[in-house]
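So the structure is just underneath, and the comments pick up after that.
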Amino acid sequence: MPVSTLHIGGQFVFFPLQMRIVSIFCLVSIPFSFVYVGIVFQGFTPEHWCRDPAVSGIRERCSWSLQDARRATVPLMNSSVGVTYNQCQRLDMDWNATGLTCDNPESELIQAQLSTLPMTGCTDGWEYDYEGRQSFVTEFDLVCADAWYVDMFQAMLSVGFLVGSIAIGYLADKYGRMKSFLMTNFFIGVAGILVATAPNYIALLVFRVLFGFGVKGGWMVGYVLITELVGVEYRRTVGVTYQMFFSLGILILPLLAYFIPNWRWLQVVFTIPYICFLTYYWFIPESPRWLLSQNKRNEALEITKAIAKENKKTLSKNTETLTDENTDSISTASFMDLFKTSKLRKFTFILSFNWFTSAVVYQGLIMRLGILGGNVYVDFLISGIVELPAAFLILLTIERIGRRLPFAAANIVAGAACLITAFIPDSMFWLKSAVACVGRLGITMAFEMVVFVNTELYPTVIRNLGVSVCSTLCDIGGIIAPFLLYRLAVIWLELPLIIFGTKTEHKLCCLYCQMSPNVPN
């Protein structure tokens with residue numbers, strides 16, 4: 001009886017070689033989290049209002065702070081968050097001809113006149129109260145009528161994710177996991193530096209697409225490769241651990257952003273790890289399962305022998321007849337293979353929908369931290385800590401009660417928390433924050449389960465392509481999420497939470513109505 005590739009992982013799993021490979025590849029998830037939600041810091045929009053040359057002259061002459069000048073010269077307006085200073089219009093008047101003096105920056109006469117004076121646009125640019133933080137928003141003045149350009153910055157990353165995950169997934173199934181991984185990281189290194197040096201906003205968007213093209217595809221290739229190098233019974237553990245390092249990156253990101261307040265240098269820091277990953281050429285072997293799926297038995301056997309030697313194990317004599325139990329007559333992956341049977345079609349459609357909703361809610365909740373006010377570094381760090389238990393909850397539950405129930409429970413918690421948080425008054429700050437954190441935990445758990453279940457449901461020959469194609473709906477969700485969050489928040493700050501909660505409950509209905517109780521088993 002031939003030895004299947006399952007015995008490659010099952011016999012040697014978590015001996016020195018597998019432990020080394022999994023540990024090294026988990027590092028790939030850390031910078032991926034930087035890229036995925038780095039807009040919270042790179043695209044930070046500070047308090048801003050129209051610049052008035054006359055006011056700037058008075059402020060300089062009187063040594064006023066920005067806040068003093070704003071209180072004296074910027075009119076108030078009603079907004080979705082209450083009464084605030086007008087950010088997109090200024091008074092059309094000559095401040096040098098008023099009674100405004102250095103000793104009286106809050107003249108009662110001037111304040112009484114503010115509501116009756118004519119208004120004009122920000123023809124001379126904006127003042128920013130960013131305390132030394134430099135984002136691409138402040139550099140390119142992406143506020144007021146141009147605020148939607150910030151949404152485009154994140155959407156273009158997801159466009160790159162969308163195209164790159166399909167293209168690189170196909171290349172990984174056709175030419176090999178490691179070749180595709182190394183090529184992708186070289187591409188990411190070049191594109192990342194181009195983003196950091198973009199001379200204008202249009203160039204920034206173009207380079208951002210190229211950057212995203214490589215980042216998502218490279219991450220997915222790494223995920224598939226480590227799950228193929230271990231036994232089937234350990235795939236869930238290494239898959240969840242791989243994603244847990246994404247959450248670790250979420251904890252590191254606010255610390256990097258705090259000490260690197262310039263968005264261009266922050267981009268350089270995001271890129272450097274991908275250049276370092278090129279050294280994996282000397283440490284990581286090709287996937288024996290992929291080699292067998294391509295009928296490259298000799299190469300697979302050599303790698304298997306090397307694995308056995310490093311692990312100080314002896315291969316059985318019938319290893320010479322090594323085969324892959326999942327390999328069929330297909331030698332190369334094809335998009336249509338994902339719809340070849342009714343079961344594969346069902347898996348593809350359900351997984352795609354769950355990728356979409358998970359991405360919209362997860363990304364939306366994180367980006368929401370950047371518009372709530374308060375200390376974004378502390379808020380981001382706390383929300384990141386909440387993610388860590390998700391991986392442990394998954395590992396504790398999936399082997400005991402299966403996949404469907406934990407996945408459904410995670411979605412119920414996430415959806416309910418979003419809806420409840422929207423209606424908790426701001427005066428109950430700690431309760432509102434606690435419920436929001438529970439929602440973040442729920443959607444993180446649901447998102448992580450989608451990823452590893454996706455790898456379980458496809459055979460080796462189309463596994464990387466299957467994960468890549470289904471995850472394209474995640475990227476479409478990523479394109480929609482920033483517009484959904486930022487534009488709806490202008491109407492009402494809590495409106496996006498209601499949408500997120502509704503989407504999550506809809507996903508729960510889809511899961512129960514279309515996925516049978518034993519899928520995934």
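The values are calculated or read from the model by the stated rules, or taken from the named source; none is laboratory data. These numbers come from a predicted model, not from an experiment. Please note: Cβ atoms are built from the backbone with ideal geometry, for glycine as well, and neighbour counts cover all protein chains shown. Side chains are part of the model used for accessible areas, which takes the heavy atoms of the whole protein and leaves out ligands, DNA and RNA. Shrake-Rupley method; radii C 1.70, N 1.55, O 1.52, S 1.80 Å.
Let me confirm something: among Ile382, Ile366, which residue is closer than 30 Å to Ala147 by Cα, modelled with pLDDT of 80 or more, among the aliphatic types (A, V, I, L, M) and surrounded by fewer than 18 Cβ atoms within 10 Å (Cβ to Cβ)? Before the answer, list the steps.
Values: Ile366 fails: surrounded by fewer than 18 Cβ atoms within 10 Å (Cβ to Cβ).
Just a single option satisfies the conditions, and that option is Ile382.
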Boolean, Pro459 is farther than 29 Å from Val378 by Cβ, open to solvent by 10 Å² or more (accessible area, probe 1.4 Å) and not hydroxyl-bearing (Ser, Thr, Tyr):
yes
Mind listing whichever residues of region 49-76 are open to solvent by less than 50 Å² (accessible area, probe 1.4 Å) and among the hydroxyl-bearing types (Ser, Thr, Tyr)?
Ser56, Ser65, Thr73
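For region 296-330, which positions are assigned to a loop (DSSP other than H, G, I, E, B) and modelled with pLDDT of 80 or more?
Kept after step one, since they are assigned to a loop (DSSP other than H, G, I, E, B), are these residues of region 296-330: 296, 311-316, 322, 324-330.
Across region 296-330, the qualifying residue is only Lys296.
Give the residue, chosen from Arg20, Arg70, Arg61, that is in the same structural domain as Asp151 (by the TED database), on the phi < 0 side of the Ramachandran plot and at pLDDT below 85.
Values: Arg70 fails: in the same structural domain as Asp151 (by the TED database); Arg61 fails: in the same structural domain as Asp151 (by the TED database).
Exactly one of Arg20, Arg70, Arg61 is in the same structural domain as Asp151 (by the TED database), on the phi < 0 side of the Ramachandran plot and at pLDDT below 85, namely Arg20.
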Just checking, does region 167-174 include any residue being open to solvent by less than 10 Å² (accessible area, probe 1.4 Å) and either of a type in the set (Ser, Thr, Tyr) or outside the structural domain of Val224 (by the TED database) (or both)?
no
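Name the residue that is nearest to Asn185 (Cα to Cα), counting only residues in region 256-271 that are open to solvent by 80 Å² or more (accessible area, probe 1.4 Å) and in contact (Cβ under 8 Å) with a residue 60 or more places away in the chain.
Within region 256-271, the first condition is being open to solvent by 80 Å² or more (accessible area, probe 1.4 Å), and the residues that meet it are 258-259, 265.
Filter again for in contact (Cβ under 8 Å) with a residue 60 or more places away in the chain, leaving 258, 265.
Details: Tyr258: 26, Trp265: 19 Å.
Among those that are open to solvent by 80 Å² or more (accessible area, probe 1.4 Å) and in contact (Cβ under 8 Å) with a residue 60 or more places away in the chain, it is Trp265.
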